[in-house]
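Before any comments, here is the structure.
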Amino acid sequence: MRTQVTIIGAGPAGLLLSHLLHLSGIESIVLETRSRADIEATIRAGVLEQGTMDILANAGVGARMKAEGALHHGVELAFGGRRHRIDLTELTGKAITVYPQHEVIKDLVAARLAAQGQLLFEVSGVQLQGVDTTTPSVSFVRAGEAARIDADFVIGCDGYHGVTRPAMPPQGREDFTRNYGFGWFGILVESAPSSDELIYARHDRGFALVSKRTPTVQRLYFQCDPADHVDNWSDDRIWAELHARLENNDGWRVNEGRIFQKGIIGMRSFVSTPMQAGRLFLAGDSAHIVPPTGAKGMNLAVSDVNVLAQGLEQFYRQGRDDRLQGYTDAALKRIWRAEYFSWWMTSLLHTFADATPFQREMQRAELECVVSSRAMATALAENYVGAF
Ligand code: RFL
Ligand code: PHB
């Protein structure tokens, strides 16, 4: 097989890149280890920045997002028994949309298939060859048969645990990592949302987050030990923990309901540079990870491939590669900003096992500053909506 661009991974980055390239008349093939049903059912992110919505809408995949996504004009910070609203729209003129990542995936898969796009699901043994040449290839196994795709470019959109980052030439690579030593316990709950807006809560027992998916499904998280196991948490224990962390003095309580999904994720910050080596590029989680407190991961994946698609379009239309050569620098500006904000939100809202009493007071004082100073609230709001 031959194509112009081989894309490894059918997450938001890989699917959107394939679609953007198609709109520019560039052919691609997407390779994915999991099944279509599996990628369309995996529960992950929920918050889309305005810029992400614009990119999806301009690519013709925004109709359901606009109809079914929930526009949010503010978020709440809760601590010391009180809730404080940050008015995103008043402070920045922008808003965010809560629309689940797996719905974005469904919309992108449908768009690719409607345009006869080639998505190869359930492949295994993906390996890269000739990444230092102008004719890189990818070999894999599909339905028990060995296959190979030759292309002009290979793009790694295969997430943090993928095969493309390890295939980057080691010379000159620099990785930046921070592990936080805690995780998030996430649940899906059958019940009406407890709050119209997201609530980020800091409590001495640990962080908690109230979000939602649909008018009948809530998404809730609480800080936990990343090595803990979901089986250690009965429904009663989960509700007791959430009520304790979300306690407040105005009588508001989180709505209980049937818990139909439980999972634990670790929290880390990670950036791997450069994001290009010859004809091999990385985009999305394959190159960088943020802790979910800033709700930035999927938004970064979308902005990476938006930059990359423009570079590939310039290459094929004008025979120039200066945009492609500038990809790492252009993408990293936004990535480091999101890394900073995600680290800051995480530091502000979680409990740290090694924090001294002094550090705990600094955290409390900083939260007070954020909710009482318009300047600090504006800085949070600008970063949260992605106005940078
Ligand atoms: P993905 O989504 O991980 O997709 C990678 C795909 O590649 C496949 N793959 C391979 N395919 C072929 N060959 C191989 N060798 C392969 N190895 C892997 C995988 O099966 C998969 O389908 O990466 P991508 O496209 O870069 O997208 C990144 C986002 O998924 C991620 O950043 C977000 O989910 C992060 N995130 C959030 N982001 C936001 O913008 N807003 C949020 O509110 C938000 N909340 C979250 C989050 C992530 C979370 N978890 C579960 C980590 C909340 C949570 C709980
Ligand atoms: C979610 O709804 O899954 C969600 C919302 C905000 C975050 C992280 C996750 O910061």
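The values are calculated or read from the model by the stated rules, or taken from the named source; none is laboratory data. Just so it is clear, the structure is predicted and the values come from calculations on it, not from any experiment. No Cβ is skipped: glycine too gets one built from the backbone with ideal geometry, and neighbour counts run over all protein chains shown. What goes into the accessible areas is simple: the full protein's heavy atoms, side chains included, and nothing from ligands, DNA or RNA. Shrake-Rupley method; radii C 1.70, N 1.55, O 1.52, S 1.80 Å.
Data table
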| item | result |
| --- | --- |
| Relative contact order, percent, the chain [alpha-carbon distance under 8 Å, six or more residues apart] | 21 |
| Nearest-0.05 FRET efficiency for residue 84 and residue 337, computed from C-beta distance (R0 22 Å) | 0.35 |
| Calculated from backbone phi, Karplus (6.51, -1.76, 1.60) coupling profile of segment 245-254 in Hz, x at Gly/Pro | 6, 9, 4, 7, 9, 10, x, 5, 9, 6 |
| Estimated FRET transfer efficiency (residue 229, residue 322; beta-carbon r; R0 51 Å; 0.05) | 0.50 |
| Descending semi-axes in Å of segment 1-60, equivalent ellipsoid built from Cα gyration tensor | 21, 18, 7 |
| Residue 36 versus residue 150: modelled label distance in nm, points set 7 Å from Cα along the beta carbon direction | 3.0 |
| Separation in nanometres of the label points that stand 7 Å from Cα toward Cβ, at residue 250 and residue 58 | 3.8 |
| Under the Karplus curve 6.51 cos²θ - 1.76 cosθ + 1.60, θ = phi - 60°, whole-Hz ³J(HN,Hα) for segment 25-34, x wherever Gly or Pro sits | x, 10, 8, 8, 10, 9, 9, 9, 6, 8 |
| Other-chain or far-sequence residues with amide H under 5 Å of residue 255's (modelled H) | 194 |
| Nonlocal amide H pairs with residue 10, under 5 Å, H built at 1.01 Å | 33 |
| Inter-part distance where segment 280-309 and segment 103-144 are each reduced to a Cα centre, Å | 18 |
| Förster radius 51 Å - calculated FRET efficiency between residue 373 and residue 2, Cβ distance, rounded to 0.05 | 0.30 |
| Cα-only radius of gyration and Dmax that characterise segment 1-154, units Å | 19.1, 61 |
| Segment 174-215 versus segment 9-45: alpha-carbon centroid distance in Å | 26 |
| Normalised per residue, the volume of the convex hull around the Cα set of the chain (Å³) | 147 |
| Accessible area in the full protein assembly, largest first, 1.4 Å probe, for 66, 94, 296 | 66, 94, 296 |
| For segment 206-212, 3J(HN,Hα) per residue [Karplus equation, 6.51 cos²θ - 1.76 cosθ + 1.60, θ = phi - 60°, Hz, x = Gly/Pro] | x, 6, 9, 9, 10, 9, 8 |
| Kirkwood Rh in Å, taken over segment 257-307 so that all alpha-carbon pairs contribute | 12.8 |
| Within segment 319-352, trypsin sites (Lys or Arg not before Pro) in DSSP loop having at most 16 other beta-carbon neighbours inside 10 Å | 320 |
| Between 0 and 90°, nearest 10: helix 12-23 axis offset from the chain longest Cα axis | 50 |
| The chain: angle of helix 327-349 to the longest principal axis, Cα-based, in degrees nearest 10 | 20 |
| Within-11-Å neighbourhood charge of residue 19 [Cβ basis; K, R +1; D, E -1] | 0 |
| For a label point 7 Å along the Cα-to-beta-carbon line of residue 179, residues of segment 213-253 with backbone N under 11 Å | 226-227 |
| Within the accessible area of the chain (1.4 Å probe), percent carbon and sulfur | 49 |
| For segment 192-275, Kirkwood radius (reciprocal of mean inverse C-alpha pair distance, Å) | 14.3 |
| For segment 332-388, alpha-carbon Rg relative to the globular expectation (2.2 N^0.38 Å, N residues) | 1.23 |
| Residues with amide H under 5 Å from that of residue 213, placed H, sequence gap 5 or more | 218, 219 |
